[in-house]
1. What does the charge count near His51 come to, summing +1 for each Lys or Arg and -1 for each Asp or Glu among other residues with Cβ under 14 Å from its Cβ?
2. Could you give the length gained on full extension between Ala160 and Lys109, defined as 0.36 nm per residue of separation minus the Cα-Cα distance, in nm?
3. List Glu237, Glu196, Glu143 from most exposed to least, where exposure is judged by having the fewest other Cβ atoms within 10 Å.
4. Measure out, as a whole number of angstrom, how far apart the alpha-carbon centroids of the range 14-83 and the range 379-429 sit.
5. Please report the relative contact order for the range 240-427, taking Cα pairs under 8 Å with a sequence separation of at least 6, and give it as a percent rounded to a whole number.
6. Loop-only check: which trypsin sites (Lys or Arg not before Pro) in the range 380-429 are DSSP coil with at most 16 other Cβ within 10 angstrom?
7. What is the sum of charges around Leu342, taking Lys and Arg as +1, Asp and Glu as -1, for the other residues whose C-beta is under 13 Å from the C-beta of Leu342?
8. Given a cut-off of under 8 Å on Cα pairs at least six residues apart, what relative contact order in percent is computed for the range 139-245?
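Any read-out appearing in this document is the output of simple, stated calculations on the displayed coordinates, not a laboratory observation. Quantities reported herein were computed from a predicted structural model and do not represent experimental measurements. Ideal geometry is used to build each Cβ from the backbone, glycine not excepted, and the neighbour counts take in all protein chains shown.
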Amino acid sequence: MNTSSLTLKNDSAERTQRYPQLSFALATITLGVITGFAGMGLALLLHWIQHLAFGYSLDHVISSESFLHGVSAASPMRRLAALTVCGLVAGCGWWALYRFGRPLVSIKKAVSSEDPTMPFLSTLVHALLQIITVALGSPLGREVAPREVGSAFAGWLTRATPMSARQRQILVACGAGAGLAAVYNVPLAGTLFTMEVLLGSFEWAVAVPAIVTSTLAAVVAWIGLGNEHQYTIPHLEITASLVVWAVVCGPLFGAAAWGFSELAKRVRANAPKRWPLPLVGLFNFALIGVVAIYLPQIPGNGKGVVGLSFDNQLLFGLAAALLLFRVLTTLSSLWAGAEGGLLTPGLANGALMAVLLGCVWNMFWPGTAVGAFAIVGATAFLASSMQMPLTAVMLTFEFTRVDHDFLVPMLLAVAGSVLVFRAMGRKAP
């Protein structure tokens, strides 16, 4: 082989090694922008359907009137009608998807595969069904939809761009984290979700694309959603009582989270996929509509209930009733075949449980605001139920912008919760 041929071969090999890095960088930036617009679009669709279904703030897709206020102001019959329509959409929609669509691929399965692609059209329909049903009052979360869409777009990019198998997996995981960051305006939590939950790695090769995609997605989503945080809370102070309570009650949140997670797995595994699905879905959501006649706080993913808990607006009796019906309606909706996330529902369960425990605690050691208990308890429950302690802490901070001193009771409660959750998981048959 002559010298010129050898030089050309070496140059070609060098370009082959460098080009995937450049294409991966461009794909990372593109994914962040696309996922930001996708997340923004899904969130705007959610708000528009909510306003239309319950008849509030019809002239503004994003308004100062919350979903909880809108549902509370709606007539009891309108609540029942909206939930009944939710049942029809859920039952018929998912039946049709399972019957005619391509088999769905979960984000975790895609990330762990050497070919991390998801059926694009089926995934998009699946995400839209989640957004529509949550807007109509389903008690499940909306956060899975933008994560799935982000991962589906990432899968499309991996097919169109030369990159290694590991880079494909990273990009699909980053799409999910960016989707979370976009809809909730939580770039750091989106980054941690990618690293802690999906990839289990904090190396630079993962951290850099995770940061880029989540930050770009959150900033792009500001175009339609604004730079807002999810919950506005009053000034809350750290007390010695709260710190001790976090140590004592943290394990209780872990036990409760384990029980809830196990029940959710079992009812989800037994959910119908074929013909009974439309009838079961209609029956389930019509019953939730009946409950909503008396408890307008029940419809939706639980954001309103979390806000009431953080804002010191719940008393023991109402908190107990809401916790009972939140758990029952969430599990019944999973049993009925509805799909959605458990992030905000888990946050709601933890906040309501913390209100109950905090009210009892204040009888013996008074002086701590109920909202402070709720913030710490919600974080502890979410950390265990979703198995993401670091992401849960960062989510709460970005959701509320609470004072950084809350890190002390939060971390203590999360530590106790996660330890008990994992211990119970090891002992389970």
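1. After counting each charged neighbour, the total is -1.
2. Fully extending the segment from Ala160 to Lys109 adds 16.3 nm.
3. Lowest to highest Cβ neighbour count: Glu237, Glu196, Glu143.
4. Between the Cα centres of the range 14-83 and the range 379-429 lies a distance of 26 Å.
5. For the range 240-427, the relative contact order is 36 percent.
6. Taking the range 380-429 and a limit of 16 other Cβ atoms within 10 Å, the loop trypsin sites (Lys or Arg not before Pro) found are Arg401.
7. My count for the surroundings of Leu342 gives +2.
8. Reported relative contact order: 25 percent.
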